[in-house]
Amino acid sequence: MRALLPALLLAGCAGAPQARTPGTTAPAPSAAPVSATAIFPARVSQGALVFGRLPSGSQATYNGRSLRATPYGTVVFGVGRDEAGPLRVAVRHADGRAQDVVIQVTPRDWPVERIDGVPPTTVDPPPAIAERIRLEQERVAAARLRDDDRTGFAQTFAWPVKGRISGRFGNQRVYNGSPRAPHSGMDIAAAQGTPVLAPADGMVSFADPDLYLTGGTVVLDHGYGVSSNFLHLSRIDVKVGDSVAQGQPVGAVGATGRATGPHLHWGMNWFDVRVDPLLVLERAP
């Protein structure tokens, strides 16, 4: 197991990393040692993956979900695209003290992306195809609910492919003039067949070469609810249950499913909360 980082910082808004602001938690009682205080960032961005540190024996809850700590005291959770904040993390220390952590949320601008030339049946599918899409998406969603003890999520993430960012997380999508849901990940333009490498250690929790919308699809579980998904793959090199090391190929860039050309769609989740891979890449080591 790789050692987790003692300093837990969070990337700021897309385009530039944001340094952690001092005073990230509610003041601890004067008699309590610093080591007995939970540490979280004071401010985070919409779409961020948030890292915190708990003293031994402490427990934390965010948005109704218990945050499991690693053996090193690290906890993690995701902030949705439209989260306005402030976020509140309730901490109960081993000695019974309660600590309420308040985290402010920095809003982001979400441009509109217009994509034309998409086959009409993929934009407005007939009922039978719509039902297929629903069932396929349920399978992918189930894979994102894993909560095991892998700690790949705490590594410094690497780009799965190198290329131009052709679609950004959170931007409103308009297909053939029809508004649709915001973009759930980051598109990276790359040549057909370019190897897609694991951005961090993980286990393959889903792999299917032929989903209607996303084509060749792989979900890689990084542990503690954090996962990556790779869409539109032309080839899949792994199977469900495989342990994958950072930098290991999981497939190849393609244009399968609803795609107008070869690219990698890289999405990230904390359970059912979608987060911005670019912010994860920019997180300070």
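Looking at this structure, is Val91 buried (at least 16 other Cβ atoms within 10 Å of the Cβ), closer than 30 Å to Ile165 by Cα, hydrophobic (A, V, I, L, M, F, W, C) and not assigned by TED's automatic domain parsing to the domain that holds Asp148? Here the answer is no, as Val91 does not meet what is asked.
All conditions but one from (1) closer than 21 Å to Ser228 by Cβ; (2) at pLDDT 95 or above; (3) in a loop (DSSP other than H, G, I, E, B) apply to Leu9; the one that does not is (2).
Go through (1) over 23 Å from Phe77 (Cβ atoms); (2) touching a residue at least 60 places away in the same chain (Cβ under 8 Å); (3) part of a helix (DSSP H, G or I); (4) not hydroxyl-bearing (Ser, Thr, Tyr) for Ala130 and report which single condition fails. For Ala130, the failing item is (2).
Before we move on, is Thr217 more than 30 Å from Arg65 (Cβ to Cβ), in the same structural domain as Glu138 (by TED's automatic domain parsing) and polar (S, T, N, Q)? So Thr217 fails the test. Here Pro111, Pro55, Pro86, Pro71 are screened, and the one residue that is touching a helix residue (DSSP H, G or I) at 6+ places or on another chain (Cβ under 6 Å) and either under 22 Å from Glu282 (Cα atoms) or not assigned by TED's automatic domain parsing to the domain that holds Ser184 (or both) is Pro55. Against the list (1) closer than 25 Å to Glu113 by Cα; (2) at pLDDT 90 or above; (3) not hydrophobic (A, V, I, L, M, F, W, C), the condition Asp124 fails is (2).
Counted as qualifying within segment 144-199 are the strands (runs of 3 or more DSSP E) with 1 or more residues that are buried (at least 21 other Cβ atoms within 10 Å of the Cβ) and among the hydrophobic types (A, V, I, L, M, F, W, C), namely 186-189, 195-197.
The values are calculated or read from the model by the stated rules, or taken from the named source; none is laboratory data. All figures in this text were calculated on a predicted structure; none of them were measured in a lab. All Cβ positions, glycine included, derive from the backbone under ideal geometry; neighbour counts span all protein chains shown.
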